[in-house]
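Note sheet for the following structure.
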Amino acid sequence: MKFLATVEPPEPMHGLEVPPEVVAALGGGARPPVVITVEGHSWRSRVAILRGRHLLGLSNANRRAAGVEIGERVEVQVELDTEPRVVELPADLAEALDAEPAARAAYELLTDSRKREHVRAVEGAKKPETRQRRIEKAVASLRG
């Protein structure tokens, strides 16, 4: 499904407003998971609701990758994302979670974006000792 939208400034977030009839036609509820394509660049997200408007978040990285600027009018293609969203756990983080059933259970209840935050923190460590501290911190936060 295609529509035109203006790339909005970051107040309170970069975004593309989705017409209500497009959200309804997608059939995935008020905040459906979607695949968005702008200028040939695609990414997965979810329709957000902010101040009564349906918006697609547009990070600086996605804006640059699509080659669009704030204030520009763009064609947006959006489709319901029916593919499962899977967050791949690094082996050492998975092992630590498996050693603590309560932490593993809490992890499984997290949204995909919260799971990705934990994975990015661990994978972003440059030193093995930093990686280990981040794993311990993640498990502790999930345990309690």
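Within segment 100-117, the set of residues being in contact with a helix residue (DSSP H, G or I) (Cβ under 8 Å, 6 or more places away or on another chain) and farther than 22 Å from Ala48 by Cβ comprises Glu100, Ala102, Ala103, Arg104, Ala106, Tyr107.
Take the residues in segment 19-52 that are in contact with a helix residue (DSSP H, G or I) (Cβ under 9 Å, 6 or more places away or on another chain) and over 18 Å from Ser113 (Cα atoms), then tell me which one is surrounded by the most Cβ atoms within 10 Å (Cβ to Cβ). Going through the qualifying residues, I end up with Val38.
Figure legend. Inter-residue proximity from segment 114-140: first residues within 22 Å of Ser45 (Cα to Cα), second residues part of a helix (DSSP H, G or I), beta-carbon distance below 6 Å, spacing 6+ or different chains. Indicated pairs: His118/Ala138; Ala121/Arg134. Candidates Glu69, Glu75, Glu11: the one that is exposed (fewer than 12 other Cβ atoms within 10 Å of the Cβ) and touching a Phe, Trp or Tyr at 6+ places or on another chain (Cβ under 8 Å) is Glu75.
Per-residue answers, yes or no, for (1) modelled with pLDDT of 95 or more; (2) touching a strand residue (DSSP E or B) at 6+ places or on another chain (Cβ under 6 Å); (3) assigned by TED's automatic domain parsing to the domain that holds Ser113; (4) not aromatic (Phe, Trp, Tyr):
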site	(1), (2), (3), (4)
Glu8	no, yes, no, yes
Val35	yes, yes, no, yes
Glu39	yes, no, no, yes
Leu58	no, yes, no, yes
Ala61	no, no, no, yes
Val68	yes, yes, no, yes
Arg73	yes, yes, no, yes
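Regarding segment 66-86, can at least one residue be identified that is among the acidic types (Asp, Glu) and farther than 22 Å from Ile36 by Cα? Taking every residue of segment 66-86 in turn, none turns out to be among the acidic types (Asp, Glu) and farther than 22 Å from Ile36 by Cα.
The values are calculated or read from the model by the stated rules, or taken from the named source; none is laboratory data. Everything quoted here is computed from the prediction, not taken from an experiment. In this analysis, Cβ positions are derived from the backbone assuming ideal geometry, glycine residues included, and neighbour counts consider all displayed protein chains.
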